[in-house]
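Here is the structure we will look at, set down as structure tokens.
The values are calculated or read from the model by the stated rules, or taken from the named source; none is laboratory data. Everything quoted here is computed from the prediction, not taken from an experiment. As a convention, Cβ positions derive from the backbone with ideal geometry for all residues, glycine included, and neighbour counts pool all protein chains shown. Accessible surface areas use protein heavy atoms only, side chains included; no ligands, DNA or RNA. Shrake-Rupley method; radii C 1.70, N 1.55, O 1.52, S 1.80 Å.
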Amino acid sequence: MLMNLFKFKGGVKPPTNKTQSLGLSIAQAPLPSKLVVPLHQSIGGTPRPVVQAGDKVLKGQLIGEADGWISAAVHAPTSGTVLEVAMHVQPHPSGLDAMCVVIEPDGKDEWIARQPVDYQALTPEQVREGLQQAGVVGLGGAVFPTHGKLTASKTVPMDELVINGAECEPFITCDDLLMRERAEEVVRGIGVFRDLLQPKKVLIGIEDNKPEAAAAMRAAVDALGEPFLVVQVPTLYPAGGAKQLIRVLTGKEVPASKRSTDLGVQCFNVATAYTAWRAIAHGEPVVSRLVTVTGNVGEPRNYEVLIGTPMGELLQLAQPQPDTDGIVMGGPMMGFLVPDAKVPVVKATNCLIAHSERLFPPKAPEMPCIRCGACAQACPHELQPFEMYWFSRAKNFGKTQEYHIFDCIECGCCSFVCPSRIPLVQYFRFAKSEIWARERDKNAAEGAKARFEFKQLRDEREKAEKAEKLAKAAAAQAAKKAAEAAAAAAAEASPTAPDSAAAATQVQASAATVEATATPAVDAEKEAKKAAIAAAMARAKAQREAVQPKNTEQLSAVQQREQAEIEARRQAAHLTDPAQAEPAAPASEKTD
Amino acid sequence: MFAPAPFLLKDASVSRVMTQVCLALVPGIAAYAWLVGPAILVQLVIASLAALLAEAAMLRVQGKPLGMFLADGSAVVTAWLIALTFPPLAPWWLVVTGTVFAIVIAKQLYGGLGQNPFNPAMVAFAVCIVAFPALMSQWPSVGLQLSLADQINVILGLAPRVDALAGATPLDAMKTALKLADGSVSVTQLLANQDIYGNFAGRGWEWVAAGYLLGGLWMWQRKLITWHVPTAFIGALVVVAGGLWLYNPAQFANPLFHLLSGGSMLGAFFIATDPVSGCTTPRGKLIFGAGAGLLAYIIRVFGGYPDGVAFAVLLMNLCAPVIDLLTQPPIFGMKDKA
Ligand code: SF4
Ligand code: SF4
């Protein structure tokens with residue numbers, strides 16, 4: 001069937017370097033000396049450890065429990081003993097440590113009781129939960145918990161399910177070999193996703209430099225009688241970016257601000273479909289993955305590797321050349337040098353490249369930008385990288401956001417083409433992390449402010465309560481006098497100072513109200529508080545008018561000032577709505 | 001340390017870009033040297049040396065790495081554009097003055113490579129034509145047969161600047177002739193004089209322009225430039241020249257004449273496409289190119305200078321930042337809103 005393909009703008013064609021690791025079939029990597037399994041291996045909440053040092057675990061046993069809905073469980077990759085649950089260095093460019101479960105294999109590789117399920121008999125909710133419990137996450141590199149992507153939008157019908165077998169990064173071939181060797185299970189996994197999302201079409205996109213993989217997938221699709229379309233897409237980095245592949249296959253452009261389901265499309269990696277099927281049909285949680293080991297090595301190859309295997313040990317299998325000076329995790333376009341050969345293989349690890357200066361010559365020094373626009377032409381998100389670079393450099397981060405820096409997928413196309421050898425992506429990462437850090441600081445400051453204001457509010461309430469007790473006592477004494485004095489005072493004062501006298505009257509009257517309502521009413525407490533504050537306000541007003549009303553002598557000046565100040569502060573802090581404080585006055589008028 | 005991805009880089013560099021620009025100029029230069037006189041080669045050398053020396057001096061003063069920036073080739077491109085826009089027999093010191101001014105004032109004082117808001121070569125041209133209008137208008141008369149040695153002597157001031165040097169470009173000649181004749185002579189009659197105007201636009205010069213066109217197309221094919229600026233430049237020039245020509249063919253030369261004379265082709269492909277001082281967005285480039293083409297025509301036909309490309313480009317340089325700001329293209333996924 002012919003399909004109309006779309007194009008995305010930009011993109012580059014780096015040398016693919018894939019043939020090196022395609023010569024041999026997938027091999028099982030041997031058990032390493034120990035496994036360091038980070039708990040946080042997906043986007044979202046960090047799973048809580050459920051084992052302790054000394055525990056015996058079986059292969060596939062839960063060791064980290066998902067924390068919240070966007071989080072995925074973590075399992076023991078083999079049977080053995082938990083040595084410790086401690087901080088270890090991570091395969092992350094920051095070089096920071098994170099909590100890991102360290103397991104010493106017992107060599108038996110003994111599984112827990114695996115329970116295959118018939119997912120057709122389960123509710124979609126149960127299937128999603130099962131995938132979460134099995135630790136199924138996006139294996140294309142983003143490691144977003146898969147179950148979180150398996151709910152269609154309530155308002156937009158699902159048009160297309162896009163399966164990503166493009167694998168556009170140079171050097172990486174693990175998805176290629178997975179499709180060649182395990183196409184059937186991939187297709188079955190896609191079937192699960194299809195059943196959950198109910199799309200109108202399922203499109204499997206594979207770059208046209210992988211004809212064998214496409215053929216294998218087609219054969220599997222036909223054998224299983226599925227209506228899926230296997231589509232060969234032009235080889236153009238980053239055609240395997242989810243948004244780019246969606247664009248190529250469906251013509252839809254998913255902006256950074258939207259979820260793809262809002263446009264009726266969803267995208268999964270082939271390896272994710274495979275692990276989902278293993279989890280459902282074999283009861284095997286994600287404890288291993290395929291990793292391409294290539295670069296400056298004697299025998300590049302794809303391995304099935306247990307999660308937690310130290311990268312250095314894995315690299316040894318491929319016989320790194322003596323001048324190897326580092327390990328790149330991921331491809332050469334978006335990967336990074338790991339901080340230490342001890343770091344473990346994680347669910348996001350699709351490729352290890354032995355780094356050497358021969359393979360990746362050091363970069364020429366950075367020159368000024370000549371505004372040639374090559375970066376903008378190469379950018380698949382149609383951004384203006386040189387503008388973002390200019391403002392990142394100037395630390396004008398607001399401007400970088402105006403130029404949509406958060407739409408940048410850090411694909412590296414711009415750096416790849418820049419004749420001035422400007423490490424543009426690094427500037428963008430820096431700018432993004434600065435913006436995040438400032439957001440965090442701001443949020444922290446706002447949090448502190450909120451806490452401070454809350455404390456202030458509480459203190460004030462306590463003070464108000466105290467004052468109100470005093471006011472009650474005072475009011476009780478003044479009540480009798482006030483009742484008679486009110487009318488008289490007003491009449492007396494009117495010739496000289498009508499305003500202040502009226503205020504004084506109100507004050508007195510409201511004090512009387514307090515007394516009057518406090519005794520009989522059940523919820524008088526609250527009313528009393530309000531009234532007390534209102535009274536204080538009215539008093540303050542009267543004070544400001546520079547007349548000291550005779551008949552409020554019973555309340556000390558200090559108390560009055562205190563209450564007025566409190567109110568002023570609260571109003572300044574917008575904690576009380578002035579409109580709320582006002583009604584107290586009409587209320588007192590009523591009692592007149 | 002930040003991750004230095006991507007590890008793979010395209011084989012590209014500023015010096016490679018500039019070298020390719022120079023290469024693209026070669027067909028035009030060859031035609032120039034062949035049809036107008038080999039003196040242009042001498043001028044190219046003089047300008048290049050002056051540019052490199054001025055650049056080196058400025059880099060030294062600013063404590064910037066000499067080797068890296070001298071090798072980037074941008075000074076040479078500027079120098080060549082100056083040599084190619086100045087009269088071929090202009091005295092050496094005029095070319096040197098222009099070049100030094102371009103490099104020191106128009107480029108390095110603004111911050112060097114990539115920072116100049118104006119095209120340095122055009123700044124040099126504008127400054128020199130204002131300061132030395134007579135010298136900048138002296139083009140070798142048609143049919144002037146000087147040996148290379150004689151030409152060099154003229155450039156170096158060792159031979160007197162005889163009257164034969166004080167010709168004009170075909171563009172200028174036509175403007176003057178039309179003005180002097182005051183309506184009594186038509187463009188068609190003038191163009192019939194093939195000694196001056198050749199087959200299309202100017203004896204010899206039309207082939208130089210064709211050489212630039214060839215080099216420009218090659219740059220486009222190599223993706224050094226996009227189609228936007230040259231197309232818009234040429235399009236605007238053709239539209240305005242064609243319109244006026246249709247309106248009054250006796251007073252206004254045909255579009256082909258305008259395309260192939262003066263700095264049109266050089267301007268469309270090599271000057272208005274300068275990325276540093278031009279626009280960067282696709283729509284911005286179209287506006288920039290069209291504006292430059294239109295202004296070039298207006299200045300060369302109605303203004304007092306022999307050609308208008310330099311002033312047109314400088315004026316558009318002035319507008320480029322605003323045009324860019326107003327023509328930001330919509331990004332991936334945000335096109336509906338735009
Ligand atoms: S590719 Fe490099 S030199 Fe060219 S505009 Fe982009 S950042 Fe500037
Ligand atoms: S890294 Fe960002 S700015 Fe550069 S090409 Fe990729 S998406 Fe565009």
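Below are the figures for this structure:
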{"item": "R0 of 35 Å, Cβ-Cβ distance residue A:106-residue A:401: FRET efficiency to nearest 0.05", "result": "0.10"}
{"item": "Neighbouring partner chain Cβ atoms per residue of A:415-425, average, 10 Å criterion", "result": "5"}
{"item": "The stretch A:172-247: trypsin sites (Lys or Arg not before Pro) in DSSP loop, at most 12 other beta carbons within 10 Å", "result": "A:200"}
{"item": "Nonlocal amide H pairs with residue A:231, under 5 Å, H built at 1.01 Å", "result": "A:204, A:205, A:206"}
{"item": "Accessible area that becomes buried as B packs against A, both chains, 1.4 Å probe, Å², nearest 100", "result": "3900 Å²"}
{"item": "Signed unit charges on C-beta, dipole axis of chain B, positive-most listed residue B:301, B:153, B:27", "result": "B:27"}
{"item": "Rounded to 10°, Cα long-axis angle of helix B:14-35 versus longest principal axis of chain B", "result": "10 degrees"}
{"item": "Table column - 3J(HN,Hα) (Hz), the stretch B:212-218, Karplus curve with 6.51, -1.76, 1.60, x for Gly and Pro", "result": "5, 4, 4, x, x, 5, 5"}
{"item": "Cα-based shape type of the stretch A:376-420, given that a ≥ b ≥ c are square roots of the gyration tensor eigenvalues and the cut on a/c is 1.5", "result": "oblate"}
{"item": "At least 20 Å² of accessible area lost relative to the chain alone, listed for the stretch B:113-134 with a 1.4 Å probe", "result": "B:113, B:114, B:115"}
{"item": "Anisotropy class of the stretch A:319-469 from Cα gyration tensor, a/c 1.5 cut", "result": "oblate"}
{"item": "Efficiency of FRET between residue A:125 and residue A:97 - r from beta-carbon atoms, R0 30 angstrom, step 0.05", "result": "0.25"}
{"item": "List A:293, B:130, ordered by accessible area with a 1.4 Å probe, largest first", "result": "B:130, A:293"}
{"item": "Share of carbon and sulfur in the accessible heavy-atom surface of the stretch B:176-325 [1.4 Å probe, %]", "result": "69 percent"}
{"item": "Accessible area per residue, Å², the stretch A:364-489 with all protein chains present, probe 1.4 Å", "result": "50 Å²"}
{"item": "Exposed chymotrypsin sites (Phe, Trp or Tyr not before Pro) absent - longest run of chain B, DSSP non-H/G/I/E/B, at most 16 other C-beta within 10 Å", "result": "B:3-226"}
{"item": "C-alpha long axis of helix B:74-85 to longest principal axis of chain B, angle in °", "result": "10 degrees"}
{"item": "Heavy-atom accessible area, 1.4 Å probe, ligands and nucleic acids excluded: residues of the stretch B:1-42 down by at least 40 Å² from chain alone", "result": "B:2, B:3, B:4, B:5, B:6, B:7, B:8, B:9, B:10, B:12, B:14"}
{"item": "For chain B, accessible area per residue (1.4 Å probe, heavy atoms of protein chains only), Å²", "result": "42 Å²"}
{"item": "Nitroxide proxy distance, nm - points 7 Å out along Cα→Cβ at residue B:66 and residue A:466", "result": "7.9 nm"}
{"item": "Selection of trypsin sites (Lys or Arg not before Pro), the stretch A:332-373, meeting DSSP coil and at most 16 other Cβ within 10 Å", "result": "A:342, A:358, A:363"}
{"item": "Other-chain or far-sequence residues with amide H under 5 Å of residue A:293's (modelled H)", "result": "A:301, A:302, A:303, A:352"}
{"item": "Distance in nm between pseudo-label sites at residue A:325 and residue B:247 (7 Å out along the Cβ direction from Cα)", "result": "6.7 nm"}
{"item": "Prolate/oblate/rounded label for chain B (Cα gyration tensor, a/c 1.5)", "result": "oblate"}
{"item": "Difference of contour (0.36 nm per residue) and Cα-Cα distance, residue A:50 to residue A:473", "result": "146.3 nm"}
{"item": "Inter-probe distance in nm under a simple model that places probes 7 Å from Cα toward Cβ, at residue B:176 and residue A:151", "result": "8.3 nm"}
{"item": "Loop-located trypsin sites (Lys or Arg not before Pro) in the stretch B:275-338, at most 15 other Cβ atoms within 10 Å (DSSP)", "result": "B:335, B:337"}
{"item": "Principal-axis tilt of helix B:309-326 within chain B, Cα atoms, nearest 10 degrees", "result": "30 degrees"}
{"item": "Theoretical FRET efficiency, 1/(1+(r/R0)^6), r = Cβ-Cβ of residue A:262 and residue A:458, R0 45 Å, to 0.05", "result": "0.55"}
